[in-house]
Amino acid sequence: MHSSAPDVTPPARTTLSGLVGNTPLLRVCEPLSPAGRGFWAKLEGFNPGGIKDRPGLHMVERARARGDLEPGARIIESTSGTLGLGLALAGMVHGHPVTLVTDPGLEPSMTRLLTAYGAQVDVVSEPHPTGGWQQARRDRVTELLGHHPGSWCPDQYNNPDNTTAYTPLALELATELGHIDVLVCSVGTGGHSAGVSRVLRQLYPELKVVGVDTVGSTIFGQPARPRLMRGLGSSIYPRNVAYEQFSEVHWVAPGEAVWTCRQLASSHYATGGWSVGAVALVAGWLARTLPPQTRIAAVFPDGPQRYLGTVYDDDYCAAHGLLDAPPAPEPDTIGRLDEKEVTRWTRCAAVVDPLTLTRAEVPA
Ligand SMILES: Cc1ncc(COP(=O)(O)O)c(C=O)c1O
């Protein structure tokens, strides 16, 4: 006789955290590459919130296990949105209130969604004079941590758990593809490119890793400028970026990402935001130019919904001059990260940590 409900472990995909991971893989080819050539896109937009559900859960779980995050304590983090969704999910799964510090560039729909998921959204009003919005958000996080005793900040830019969170993603790719020659990732905190490439390199020592950044981002040694593209890029130097892993970096401009996002939408249905467009532009070029048998994997961090008022809005794009011309078929090439300031799709095959460049060499 059973006196209560049977004590069984539910199958993974019926729990909230079990919905994260095991995302689909799609073959992308024409029109981004000729027939018979293409790349594999890992569709992280199929996670409940996007790619950052993985580090959101993992960083919280590791901090709880270490005792850095006490039961019920507040989580406070700076985010441009996607990690906010992951932390809102982790807060719900593990019972923590969540405060997300963001800036006026966050899409109103994201603020509403994060609020609906129970997070408090705190918007900074002014950029930091030299460190931009990102530094302003980080300063506000420090202030809020002081107001909430026992609160904890994951510090996604420097927390190694933000990279190890992606071991499952790497193993999913390896299981699905068997062999990978080239990995293409966008870079913001550096988390997913570092985490996936370190695991894949152990399996495939010849792996080439191609980083994708936005123009106006400091991550790979360019000067900080105001940026339209969000998710990828930074106005600081995140320590999670695994510079030693990259064979080359590409900087992409917003109009080039918009064109690629729209091409993807009309040809493959699967598309996404700024980082997806930028990654697909670069992965398509690699598929066109590398030997046809090269196996290329690209990470698409999210889906298109968040970008209906930007990337997919003709008025927004026209107002920002983003619909003027399709991207050039080839990137420009520079020999050093700081050779010149880049404003269109450009690549550099000599990647170093910009903080190791001598002061005189860092662009003003
Ligand atoms: C949509 C999107 N794409 C790309 C990235 C960059 O990923 P990472 O921070 O792992 O470098 C982020 C990071 O927030 C993101 O939100």
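Values quoted throughout were computed directly from the atomic coordinates according to the rules given, and no laboratory measurement underlies them. Fair warning: this is a prediction, and the values are worked out from it, not measured in the lab. Positions of Cβ are backbone-derived with ideal geometry, glycine not excepted, and every protein chain shown enters the neighbour counts.
What is the gain in length, in nm to one decimal, between T15 and A116 on full extension, counting 0.36 nm per residue of separation less the C-alpha to C-alpha distance?
Working: separation 101, 0.36 × 101 = 36.36 nm, distance 1.97 nm.
Extra length available between T15 and A116 comes to 34.4 nm.
Taking the Cα centroid of the range 242-305 and of the range 308-349, what is the distance between the two, rounded to the nearest whole Å?
That distance is 13 Å.
Each residue of the range 248-256 in turn: what ³J(HN,Hα) in whole Hz from Karplus with 6.51, -1.76, 1.60 and θ = phi - 60°, glycine and Pro shown as x?
For the range 248-256, the Karplus-derived couplings read 7, 10, 10, 9, 10, 8, x, x, 5 Hz, x marking Gly and Pro.
Once label points are set 7 Å from the Cα along Cα→Cβ at both A318 and R66, what is their separation, rounded to one decimal in nm?
If labels sit at A318 and R66, their model points lie 5.1 nm apart.
Just tell me which aspartates and glutamates come within less than 12 Å, Cα to Cα, of K208; anything on the same chain fewer than 8 places away is out.
The reachable aspartates and glutamates, counting only those whose Cα sits under 12 Å from K208, are D181, E244, E248.
If you count the DSSP beta bridges with both ends in the range 53-160, what percent of them are antiparallel, to the nearest 5? Don't skip to the answer; put the middle values down first.
Working: 1 of 10 bridges.
Counting only bridges with both partners in the range 53-160, antiparallel ones make up about 10 percent.
Once the Cβ-Cβ distance between D353 and Q202 is put in as r, and R0 is 25 Å, what FRET efficiency do you end up with, to the nearest 0.05? Write out the running numbers ahead of the final one.
Working: r = 22 Å, r/R0 = 0.87.
Efficiency, from the Cβ-Cβ distance: 0.70.
Find which of V182, A90, G50 sits farthest along the positive direction of the dipole of the chain, computed with +1 on the beta-carbon of Lys and Arg, -1 on that of Asp and Glu, about the Cα centre.
Checking the options against the dipole of the chain, the answer is V182.
Check W345: other-chain or 5+ apart residues with amide H under 5 Å from its amide H, H built from backbone geometry?
Answer set, sorted by chain and number: A253.
Can you work out ³J(HN,Hα) from phi for every residue in the range 218-223, in order, using Karplus 6.51 cos²θ - 1.76 cosθ + 1.60 and θ = phi - 60°, giving whole Hz and x for Gly and Pro?
7, 3, 10, x, 8, x
What list of ³J(HN,Hα) values in whole Hz, one per residue of the range 28-37 in order, does the Karplus curve 6.51 cos²θ - 1.76 cosθ + 1.60 (θ = phi - 60°) give from phi, with Gly and Pro shown as x?
Those phi angles translate into 10, 9, 4, x, 6, 8, x, 3, x, 10 Hz.
Near the amide H of V121, under 5 Å away, which other amide H atoms are found, from residues 5 or more places off or on another chain, if H is placed in the peptide plane?
Answer set, sorted by chain and number: L100.
What is the range 53-160's relative contact order, in percent, from Cα pairs under 8 angstrom and six or more apart in sequence? List each step's numbers first, then the result.
Working: 164 pairs, mean separation 33.2, N = 108.
Taking the mean separation of contacting Cα pairs over the length of the range 53-160, I get 31 percent.
Starting from the 7 Å offset along Cα-to-Cβ, what nm value, one decimal, do you get for the label separation of H179 and E330?
The modelled label-to-label distance comes out at 2.9 nm.
What size of dipole, in debye to the nearest 20, comes out for the range 53-160 about its Cα centre when the only charges are +1 on Lys and Arg C-beta atoms and -1 on Asp and Glu C-beta atoms? Could you put the intermediate results ahead of the total?
Numbers: 9 positive and 12 negative charges, 46 e Å.
That gives a dipole near 220 debye.
Taking the Cα of T142, stepping 7 Å toward and past its beta carbon, and measuring to each backbone N in the range 221-264: which are under 20 Å?
The answer is 234-240.
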